[in-house]
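To start, the structure under review is shown below, and the notes come after it.
The values are calculated or read from the model by the stated rules, or taken from the named source; none is laboratory data. Here the structure is a predicted model, which means the values were calculated and not measured. Neighbour counts run over all protein chains shown; Cβ positions are idealised from the backbone, glycine included.
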Amino acid sequence: MSDKLIIFDTTLRDGEQSPGASMTKDEKVRIAKALEKLRVDIIEAGFPIASVGDFEAVQAVANTIKDSTICGLARALDKDIDRAAEALKKANSARIHTFLATSPLHMQMKLRMSPDEVLTQAVHAVKRARQYTDNVEFSPEDAGRSEIDFLCRVIEAVIDAGANTINIPDTVGYKLPERFGRLIATLRERIPNSDKAIFSVHCHNDLGLAVANSLAAVLNGARQVECTINGLGERAGNASLEEVVMAVRTRKDVFSCQMDIDTTQIVPCSRLVSGITGFPVQPNKAIVGANAFAHESGIHQDGVLKNRETYEIMKAEDVGWNENRMVLGKHSGRNAFKDRLQQLGIVLSSEEELNAAFSRFKELADKKHEIYDDDLQAIVTDTLAVEKEKVKLIALKVCSETGEKPYAQITLNLDGQEKSGHAEGSGPVDATFKAIESIVYSQSHLLVYSVNNVTNGTDSQGEVGVRLEREGRIVNGQGADTDIVVASAKAYLNAINKITNVMERKHPQAPSPV
């Protein structure tokens, strides 16, 4: 058994299926570059047949990334596999990942196929994918609730057909660690040709056990873990990449495998994904939460001062926590600004984007004394969002006084035309959102409003996330500014632009094979 543990990141595919976490092509490329810098082995970039936008995003990632293998998801259908192959055509290293459900419930109720039909279709799909690449992964969807004898039959057949990675998904987060680990061991023991494929796992977090199940699988011979940054994903999310990686790295006495991950890139990657998707990281989140290495208890503080290992099993700097201060200010030049972005792995695609981001940097430097790398990430995310929007903020005036009804007056640019509106509200943010709606009439409903500080201090940028829903479609919007009301307006407008302009994506697992 190999001692290499392959890290397969599916933030751009399964992570994007979180309601409101939809990413643009450029945002996917930015995250893919960060994952490449993290030295992730495989990046699942999307589901090419879901939409034109998804195809173009996978294609863009495949054309850009050189050091990681790029994977495209496909149902066990010829049209899906052909589309994935087309998107991955120029990838330096490509993988096609095809799947088909094998549990009695899914076969009967969703696929409406007999077990023999599923077996035949699975084999055909793998052979089709092998026409394009010798790197083929097969997933028996809902393997955790599949009958063991049939699961063994399917896996043996697809390995014979050419699948060299077999992924065992706990699709609905149903399994318990001991039993899931035993399932992996049983499959490896019972399937005659199991030694010809790498066994992988893809665990969901419905019972909060995704990481535990993944680690149990590794202990029983799995040598690929499918995971996401910050545990992003459908419903309760996926196995968290940072938790899996640091558990294996920290407990070398238990896990006899090695990884190529550069752990110092974990926190920067986490913050980038959080900023782009608008899903904040909870403070007590393991590894990447703001409090992950904080000590308030006097006993803990005393122990850490005497010997760090009394209360810390990892070094904060090993996962990317540090001051990371950018020694630039309002007198710094454009080249110094550009150089620091490149050091952070941020490469803007045009001079116009660089100029816009530099202008935002200058504005921020006039407002706060010290600029941090987190500020830069927020500046770039905010700038790129605004540059591509059809509805833009021109001016905002808000009045909030004790005993008086808050009032907002706003001016927007709608496709080149300036329009103004005003409204009262229960607070300045509420008044601002109502003023925006008096102009755009989006007919959307606000589901979530959240505020996070980018760095520390009262002069910190505030990062606002909003989630809007209209006719069943859910989107997230983000905005950043030292003025929290302005940041709120930017976030709301960012969501409005998405809900009115982004093409509807199909869910990869919605249609049944035909």
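So for the stretch 188-198 (the condition being part of a helix (DSSP H, G or I) and either under 25 Å from ASP82 (Cβ atoms) or among the hydrophobic types (A, V, I, L, M, F, W, C) (or both)), does at least one residue qualify? No, there is no match, as no residue in the stretch 188-198 is part of a helix (DSSP H, G or I) and either under 25 Å from ASP82 (Cβ atoms) or among the hydrophobic types (A, V, I, L, M, F, W, C) (or both). Scanning the stretch 41-57 for residues that are over 25 Å from ARG223 (Cα atoms) and either buried (at least 24 other Cβ atoms within 10 Å of the Cβ) or not acidic (Asp, Glu) (or both) yields a total of 9. Residue-level check: of (1) at pLDDT below 95; (2) over 30 Å from ASN291 (Cβ atoms); (3) touching a helix residue (DSSP H, G or I) at 6+ places or on another chain (Cβ under 9 Å), GLN461 misses just (2). Criterion first (touching a helix residue (DSSP H, G or I) at 6+ places or on another chain (Cβ under 7 Å), within 24 Å of VAL380 (Cβ to Cβ) and surrounded by 15 or more Cβ atoms within 10 Å (Cβ to Cβ)) does ASN452 satisfy it? No: the conditions fail for ASN452. There is at least one residue in the stretch 50-63 that is without any contact (Cβ under 8 Å) to a residue 40 or more places away in the chain, assigned by TED's automatic domain parsing to the domain that holds VAL154 and either within 16 Å of the chain's Cα centre (by Cα) or closer than 24 Å to PHE199 by Cβ (or both). Determine, yes or no, whether GLU137 is acidic (Asp, Glu) and more than 29 Å from the chain's Cα centre (by Cα). Judged against the criteria, GLU137 is not a match.
Cβ-Cβ distances below 7 Å connect the following pairs, each with a first residue in the stretch 468-487 that is over 13 Å from VAL398 (Cβ atoms), a second residue that is in a helix (DSSP H, G or I) and of a type in the set (Asp, Glu), and a separation of six or more residues or different chains: GLY479/ASP382; ALA480/ASP382. Tallying residues that are over 16 Å from LEU412 (Cβ atoms) and in contact with a Ser or Thr (Cβ under 8 Å, 6 or more places away or on another chain) within the stretch 433-450 yields 1. From ALA157, ALA163, which residue is of a type outside the set (S, T, N, Q), in the same structural domain as ALA76 (by TED's automatic domain parsing), crowded, with 17+ Cβ neighbours inside 10 Å and in contact with a strand residue (DSSP E or B) (Cβ under 9 Å, 6 or more places away or on another chain)? The unique qualifying residue is ALA163.
Here's the yes/no breakdown for (1) within 29 Å of ILE229 (Cα to Cα); (2) more than 28 Å from the chain's Cα centre (by Cα); (3) surrounded by 22 or more Cβ atoms within 10 Å (Cβ to Cβ):
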position	(1), (2), (3)
ASP149	no, yes, no
ILE168	yes, no, yes
ALA185	yes, yes, no
ASN193	no, yes, no
LYS196	no, yes, no
PHE199	yes, no, yes
CYS203	yes, no, yes
ASN213	yes, no, yes
ALA216	yes, no, yes
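Residues in the stretch 425-448 that are surrounded by fewer than 17 Cβ atoms within 10 Å (Cβ to Cβ) and among the aromatic types (Phe, Trp, Tyr): 1 in all. Out of LYS330, LYS306, one residue alone is among the basic types (Lys, Arg), modelled with pLDDT under 80, over 24 Å from SER214 (Cα atoms) and exposed (fewer than 13 other Cβ atoms within 10 Å of the Cβ). It is LYS306.
Among the numbered conditions (1) modelled with pLDDT under 95; (2) out of contact with any helix residue (DSSP H, G or I) (no Cβ under 6 Å at 6 or more places or on another chain), the only one that CYS71 does not meet is (1). Screening LEU100 on (1) assigned to a helix (DSSP H, G or I); (2) under 24 Å from the mean Cα position of the chain (by Cα); (3) more than 24 Å from LYS66 (Cα to Cα) shows it passes everything except condition (1).
For the stretch 61-92, a residue qualifies if it is part of a helix (DSSP H, G or I) and either polar (S, T, N, Q) or buried (at least 19 other Cβ atoms within 10 Å of the Cβ) (or both), and the qualifying residues are VAL61, ALA62, ASN63, THR64, ASP80, ILE81, ARG83, ALA84, ALA85, ALA87. Let me confirm something: among VAL514, VAL454, VAL429, which residue is of a type outside the set (Gly, Ala, Ser) and at pLDDT 85 or above? Step by step, each of VAL514, VAL454, VAL429 is checked, and only VAL429 is of a type outside the set (Gly, Ala, Ser) and at pLDDT 85 or above. Looking across the stretch 468-482, the residues that are outside any loop (DSSP other than H, G, I, E, B) and touching a helix residue (DSSP H, G or I) at 6+ places or on another chain (Cβ under 7 Å) come down to LEU468, ARG470, ARG473, VAL475, ASN476, GLY477, GLN478, GLY479, ALA480, ASP481. Checking each residue in the stretch 134-144 for being in contact with a strand residue (DSSP E or B) (Cβ under 9 Å, 6 or more places away or on another chain) and either acidic (Asp, Glu) or surrounded by fewer than 18 Cβ atoms within 10 Å (Cβ to Cβ) (or both) picks out GLU137, GLU141, ASP142.
Of all the residues in the stretch 257-279, those that are surrounded by fewer than 20 Cβ atoms within 10 Å (Cβ to Cβ) and in contact with a Ser or Thr (Cβ under 9 Å, 6 or more places away or on another chain) number 1.
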